Protein chains: 2
Amino acid sequence: MTSTIHIIDDEESIRDALAFLFASRGLPAQGWPSGEAFLEALPGQDCGCVVLDVRMEGLSGPEVFDRLRAMGWKAPVIFLTGHADVPVAVQTLKAGAFDFVEKPFNDNQLVDLVVKAIAMHENQRVLIGHRQDLQRRIQTLSNREAEVMRLMLQGNLNKQIAHALGIAMRTVEVHRSRVLEKMGVRNTTELVVLLAELDAS
Amino acid sequence: MTSTIHIIDDEESIRDALAFLFASRGLPAQGWPSGEAFLEALPGQDCGCVVLDVRMEGLSGPEVFDRLRAMGWKAPVIFLTGHADVPVAVQTLKAGAFDFVEKPFNDNQLVDLVVKAIAMHENQRVLIGHRQDLQRRIQTLSNREAEVMRLMLQGNLNKQIAHALGIAMRTVEVHRSRVLEKMGVRNTTELVVLLAELDAS
DNA sequence: CCCGCTATTGTGGGTTTCCACAATCGCGAG
DNA sequence: CTCGCGATTGTGGAAACCCACAATAGCGGG
């Protein structure tokens, strides 16, 4: 596992302790003294997970989280808090945070949590890649092809599509064939299955 | 909206205040003095939503929630708490609770929340109904028909299915036709679309 | 034993899908 | 103006799908 865990906390002792904990488990980690510093550097490529303190000088944890979400951030975010704050916990979880942990925490449990978060992120990265690949294929379709595909997906016969679009059935066959070729599938059934799999995730 | 809101709280004043609040907004409500009482009566048919206090004599809110989930309960559950308890909030939310609200709460916000929860439940009820209908149709298939359908859904030609099952292509045609008839669709595309839509929800 | 149901198979004919080969037209870019 | 691309269409032939009509065999229940 090569993903880096990014620890954002204005307390150096906490950052170092966590970095040491993760390093001792073979998990690469990097600390950031503030949300601002992290947002400015914004290391995205190798990020496996963010461990984010709620209370910080400057931008708070939830504020950093909002910024990340606003820019389409995908890596999981685990909040740490030393103060019981139910509304913040509820709000961040409902907004998509991976988890919310009170200090003091159990080392093993935090590591397990981080490992789970990284694994989930990895799975999602694969799915996102597939979805982007599918999107690229869809982008190669001409307008007409895309239109024919939409009607194909409704289970229409070629002659029904021809009638709907006011063109010859031979033309529908041409478009249909090109759609299947560009989408890399054998037939309409495979196309529906492919689109459905990625729609569901 | 005919769904009932079930309020579970061992404090009669809270139950009555909430029942009054909901009634004043045209939302039918019923109070229960304990989790035990609710679990014993277990009104399921008209339940739109459960509002559940965390701290109670006997079974606690989270314990009631666990019992409900264990029996496949579907209606949304909103927790109320007078004590900041982050781990409980996090755990119940991650276990599927609809929301977690600290007392004192804003009347309008709680009502909005309940209305949202009921609407979500209604949507899910419709989907569950569709899924059950689909399941019933699938149950009408003979073993052989179900087997042919599985291969159909993979985009196989009749002759491919015939080869895989070691039978004549004519037989595959017969099974295929009966599958489409029993599933109430025009062709394999409609069948895949139908199954995918309900799989995704 | 009879009946109903499922599984299986065949024949013949119609419909739909698929496509190689071929061609025209319109539009936009260089 | 030329070229490339997309949209459109036709011909002819093969493959795949669909099904009415017909039949046999096996199994379980009454």
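The values are calculated or read from the model by the stated rules, or taken from the named source; none is laboratory data. Note that the structure is a prediction, hence the values are computed from the model and not measured. When we count neighbours, we look across all protein chains shown, and the Cβ atoms used for this are built from the backbone with ideal geometry, even at glycine.
Summary table
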quantity: Members of the range B:156-168 that are near DNA strand D (Cβ under 9 Å from one of its atoms) and either exposed (fewer than 14 other Cβ atoms within 10 Å of the Cβ) or at positive phi (or both); calculated: B:Lys159
quantity: B:Leu153 closer than 18 Å to A:Met152 by Cβ and within 12 Å of chain A (Cβ to nearest Cβ); calculated: yes
quantity: Residue in the range B:52-69 that is more than 30 Å from A:Phe105 (Cα to Cα) and more than 14 Å from chain A (Cβ to nearest Cβ) present; calculated: no
quantity: Residue in the range B:1-56 that is farthest from B:Leu93 (Cα to Cα), counting only those that are among the charged types (D, E, K, R) and buried (at least 21 other Cβ atoms within 10 Å of the Cβ); calculated: B:Asp9
quantity: Some residue of the range B:113-131 being among the small types (Gly, Ala, Ser), within 14 Å of chain A (Cβ to nearest Cβ) and under 30 Å from B:Ala84 (Cα atoms); calculated: yes
quantity: Members of the range A:123-180 found to be among the basic types (Lys, Arg) and touching a residue at least 60 places away in the same chain (Cβ under 8 Å), listed by number; calculated: A:Arg131
quantity: Single match in A:Val148, A:Val90, A:Val111 (criterion: modelled with pLDDT of 95 or more, assigned to a helix (DSSP H, G or I) and either assigned by TED's automatic domain parsing to the domain that holds A:Leu21 or loosely packed, with under 14 Cβ neighbours inside 10 Å (or both)); calculated: A:Val111
quantity: Helices (runs of 4 or more DSSP H) wholly inside the range A:153-201 containing at least 3 residues that are of a type in the set (D, E, K, R) and within 9 Å of DNA strand C (Cβ to nearest atom); calculated: A:169-183
quantity: Count - residues of the range B:93-108 that are of a type outside the set (Lys, Arg) and in a helix (DSSP H, G or I); calculated: 3
quantity: Among the candidates B:Glu145, B:Glu181, residue that is away from DNA strand D (no atom under 12 Å from the Cβ) and either out of contact with any helix residue (DSSP H, G or I) (no Cβ under 8 Å at 6 or more places or on another chain) or of a type outside the set (Gly, Ala, Ser) (or both); calculated: B:Glu145
quantity: Inter-residue pairs, beta-carbon under 6 Å, first touching a residue at least 60 places away in the same chain (Cβ under 8 Å) and in the range B:23-45, second part of a helix (DSSP H, G or I), 6+ apart; calculated: B:Arg25/B:Val111
quantity: Single match in B:Thr188, B:Thr92 (criterion: within 12 Å of another protein chain (Cβ to nearest Cβ), of a type in the set (Val, Ile, Thr), in contact with a strand residue (DSSP E or B) (Cβ under 7 Å, 6 or more places away or on another chain) and in contact (Cβ under 8 Å) with a residue 24 or more places away in the chain); calculated: B:Thr92
quantity: A:Ala196 being touching a strand residue (DSSP E or B) at 6+ places or on another chain (Cβ under 6 Å) and crowded, with 16+ Cβ neighbours inside 10 Å; calculated: no
quantity: Verdict on B:Glu173 being loosely packed, with under 15 Cβ neighbours inside 10 Å, more than 13 Å from chain A (Cβ to nearest Cβ) and within 13 Å of DNA strand D (Cβ to nearest atom); calculated: yes
